[in-house]
1. Within the range 69-103, which residues are buried (at least 17 other Cβ atoms within 10 Å of the Cβ), part of a loop (DSSP other than H, G, I, E, B), small (Gly, Ala, Ser) and modelled with pLDDT of 95 or more?
2. For the range 165-192, how many residues meet the condition of being touching a Pro at 6+ places or on another chain (Cβ under 7 Å) and of a type in the set (D, E, K, R)?
3. Give me the pairs, please: first residue somewhere in the range 288-302 and closer than 14 Å to Ser252 by Cα, second residue anywhere and buried (at least 17 other Cβ atoms within 10 Å of the Cβ) and of a type in the set (Phe, Trp, Tyr), beta-carbon distance under 8 Å, and either six or more positions apart or on two chains.
4. Identify, please: which residue in the range 329-359 is not in a strand (DSSP E or B) and not small (Gly, Ala, Ser) and is, among those, surrounded by the most Cβ atoms within 10 Å (Cβ to Cβ)?
5. Tell me which residues, restricted to the range 235-287, are charged (D, E, K, R) and more than 20 Å from Thr386 (Cβ to Cβ).
6. Take the range 242-259 and flag every residue that is surrounded by fewer than 16 Cβ atoms within 10 Å (Cβ to Cβ) and either over 22 Å from the mean Cα position of the chain (by Cα) or of a type in the set (Asp, Glu) (or both).
7. Within the range 152-172, count every residue that is assigned to a strand (DSSP E or B) and either closer than 14 Å to Pro67 by Cβ or not charged (D, E, K, R) (or both).
8. Given the range 198-242, what strands (runs of 3 or more DSSP E) lie entirely inside it while holding 1 or more residues that are modelled with pLDDT of 95 or more and among the charged types (D, E, K, R)?
Amino acid sequence: MDDFNANSVDLRFDVGPHGTFVHEFGHVLGLADHYATDSYVSSLGIDPGQWDTMASGSYNGNMHRPPLFSAYERAELGWLDYTDLGMSADTISVLPALDESNMAYRVAVPGDDDEYYVIENRRQRGWDAGLPGHGMLLWHIDADDRIWRQNVVNNDPDHQRVDIVEADGRAGMMSYDGDTFPGTSGVTGVTLHSWGGTSLMDIGYINEREDTIRILLNDVDFTLPAPGGLMAVDVDDDAFRLVWDDAADVTSYALEVSVADSHGDFSVLPEYDNLSITNTDTYDITGLEPATTYRVGLRACLAGYVSEPATIDIVTTNSVFGGDVPAGLKAADITPTGFTAVWDEMAGATDYLISLLQYEYASQTVSRGYDFDDRGEGMPDSWEATAGQYDSSFGWYGRSAPSLDMTRDGQYLSVEYEGTMIERLSMWCRSSAGRNKLRIDVNTPEGWTALSEVDVPVAGSVVEVPVGVMGSVRLVFECAGGYMAIDDVYAVCRDVTRSTVPEYDGLSTAGQTSFTFEGLDEGGIYAFTVRGTDGTEQSDDSAECVVRLDYITGLDGIRPSSSDGRAVIYDMQGRMMHGGVLPRGIYIIKQDGRPARKVVVR
């Protein structure tokens, strides 16, 4: 490869310095053209295209971002030594990014030194920022000295000599973004054949994780480790929760739950017989019997490989209440100095013990959040993400890489700071397609409730969302297509001090499912909890029900004020209300530097 020089075909567009210079300098170094030099074949656009500076990649980024030389080109120039991937590799092979490691795998064709496959890991950053995608790029090389000297490397559309094996099976310039594995089509396996039809290698697992590509072959002597850290938490009389350590290279788990009879023999519960579980490291086992022994077996699964089970035995409790707590908590007859607490009757309870807490909000706000620089490992303990992929691609993160990718409908990120009211959230986000939304849920005593939703911008930008609630906020991906990235999630918070009101600490309600509090601080913010009792045992405390004594529900209960420093009222479209009685609806009140509050006028 020492006879190639710039020619009229190479300079056919005659624009820009960077891409053209790198391409032509590749010829000086000895590289051939990897686009089709035949004009008809070139029009088909089935060469390496934007992936290769020696094809049309020299035009990436308006010729300012020609991609790095591929692993094949580096090896031809003596800049890279391949790592051979054997036909019986019995472990997970980890391939770092080409730009950082200068490493690539080669899969040889037995008996033919000129034909082989090259596996490389490309990331959309630096000079590769203009690439059409990221992930594992698979090249099929079939060298022929005569063809190279004629500079017709890819002129035969039926036998390209420097060829990309497209993950989505689509050749051509309109589908370059689907060429990588797993890529946009989520392709996690591929079988390699020689041009003569010989099967060389069956790759059963391809995963992109933390900028590396992880590869495992099918039908080799590979042992998948059993799940670690298996344990049961929140054990009640009819349920418990399983938790375990989620492994890097597991695509699903197989769960089996058995119940012991009076002789200690176990039989499998039909609803938990080899149950497949994906995308989680926790699972709730329900519908159980009190004071009964259960045995759990959990296996890890990956590309046809199944581990030995991790096993534990669990005995359910025999509590009267079985983990149940009073439900249906709400406040009625709210006045400036009191309210009536009501709740649902609880099975087995003959009396109820009620407690009252008073909330005090700090006058100053603080900002707390996370930027995913340390991925999931650095995320606050009180946060939870059901998504686990991270993106360092150029343009797909906020202030710094990486961002968190949400790729499936319903994936969420929950944000919580104990003892804090979240006034508003800000986040950088970007969608790969239009019509994707992010729903903001808040956790109430009745469960998760939708507060609002925002459109995810297709151009990365910061989105701000008013919240004004105590406790947890959940950001839920509503997927219409593609995926979204989220980064730099920050909450503007007011810290809350909670103190028990001494005269209402575990006070009996004499069996009633309501209790009236009077003589409280005017306009204060309180919360109450309830426990059930049968005179001997007590249930756990219910969830807290927060009550604002300035939360008024009534058509004549509130009138809009002018912005004189005392109170300003806005409707849900952000319009200030002036004069008269408010019509029905939901309004936001801001007053005297206190946290904004929501008012319902019925």
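The values are calculated or read from the model by the stated rules, or taken from the named source; none is laboratory data. Being a predicted model, the structure only gives us computed values, none of them experimental. Cβ sites come from the backbone with ideal geometry, for glycine too, and all protein chains shown count toward neighbours.
1. Ser70, Ala97
2. 1
3. Leu298/Trp244; Leu298/Tyr253; Arg299/Tyr253; Ala300/Tyr253; Cys301/Tyr253; Leu302/Tyr205
4. We begin by selecting, within the range 329-359, every residue not in a strand (DSSP E or B); these are 329, 336-337, 343-350.
Then drop every residue that is not not small (Gly, Ala, Ser), which leaves 329, 336-337, 343-346, 350.
Details: Leu329: 22, Pro336: 13, Thr337: 14, Trp343: 25, Asp344: 13, Glu345: 13, Met346: 22, Thr350: 11.
Step by step, filter the range 329-359, then rank; the result is Trp343.
5. Applying the first criterion (charged (D, E, K, R)) to the range 235-287 yields 236-238, 241, 245-246, 249, 256, 261, 265, 271, 273, 281, 284.
Across the range 235-287, the qualifying residues are Asp236, Asp237, Asp238, Glu256, Asp261, Asp265, Glu271, Asp273.
6. Asp245
7. Residues of the range 152-172 assigned to a strand (DSSP E or B): 162-164.
Filter once more, so that each one left must be either closer than 14 Å to Pro67 by Cβ or not charged (D, E, K, R) (or both): 162, 164.
Matching residues across the range 152-172 total 2.
8. Values: elements: 199-209, 212-217, 228-233.
The strands (runs of 3 or more DSSP E) meeting that bar are 199-209, 212-217.
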